Amino acid sequence: MQKPKITKEVALSFLLTYIVIEQSREIKIDQITLFEITDLAQQAVDTINEEDDVIPHEVIEALANEYLQGNK
């Protein structure tokens with residue numbers, strides 16, 4: 001089995017850093033938000049590990065931006 005390019009934990013960490021630090025967005029971590037954020041991290045992991053020509057931070061940033069657009 002091939003070693004994954006990225007883990008869910010790393011994706012989650014990058015996702016939260018991108019949202020809170022780079023985008024200066026405050027998020028309240030309740031059960032729903034935690035589920036949504038971990039689901040985004042899993043989507044990122046699946047995409048990054050399944051496709052050869054993707055740049056991990058671009059995948060995560062795109063998913064984060066979609067999430068932020070839906071949660072203004």
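Span-like helix criteria (full DSSP H runs; alpha carbon extent of at least 24 Å along the helix axis; mean Kyte-Doolittle hydropathy of at least -1.0) are satisfied in the chain by 31-50.
Considering every alpha-carbon pair of the chain, the percent of pairs per 10 Å bin, from zero through the bin containing the longest distance, is 20, 55, 21, 4, 0. Here the calculated FRET efficiency for residue 39 and residue 5, from their Cβ-Cβ distance with R0 = 25 Å, stands at 0.85, rounded to the nearest 0.05.
For the residues 46, 53, a 1.4 Å probe over the protein chains yields an accessible-area ranking, largest first, of 53, 46.
The fraction of accessible area contributed by carbon and sulfur in the chain is 51 percent, rounded to a whole number (1.4 Å probe; ligands and nucleic acids excluded).
Taking every DSSP helix (H) stretch of at least 4 residues in the chain, weighting each as -39,500 (n - 2.57) and dividing the sum by the residue count yields a mean residue ellipticity at 222 nm of -20500 deg cm²/dmol.
The calculated FRET efficiency for residue 26 paired with residue 49, based on their beta-carbon distance and R0 = 35 Å, is about 0.70.
Please compute the contact order of the chain in relative form: average sequence separation of alpha-carbon pairs under 8 Å and at least six residues apart, divided by the residue count, as a percent.
Normalised by residue count, the contact order of the chain is 41 percent.
Summed over the residues of the chain and divided among them, the accessible surface reaches 72 Å² per residue at a probe radius of 1.4 Å.
The values are calculated or read from the model by the stated rules, or taken from the named source; none is laboratory data. What you are looking at is a predicted structure, and each value in this text was computed from that prediction instead of being measured. In this analysis, Cβ positions are derived from the backbone assuming ideal geometry, glycine residues included, and neighbour counts consider all displayed protein chains. We work out accessible area using only protein heavy atoms, side chains counted, and drop any ligands, DNA or RNA first. Shrake-Rupley method; radii C 1.70, N 1.55, O 1.52, S 1.80 Å.
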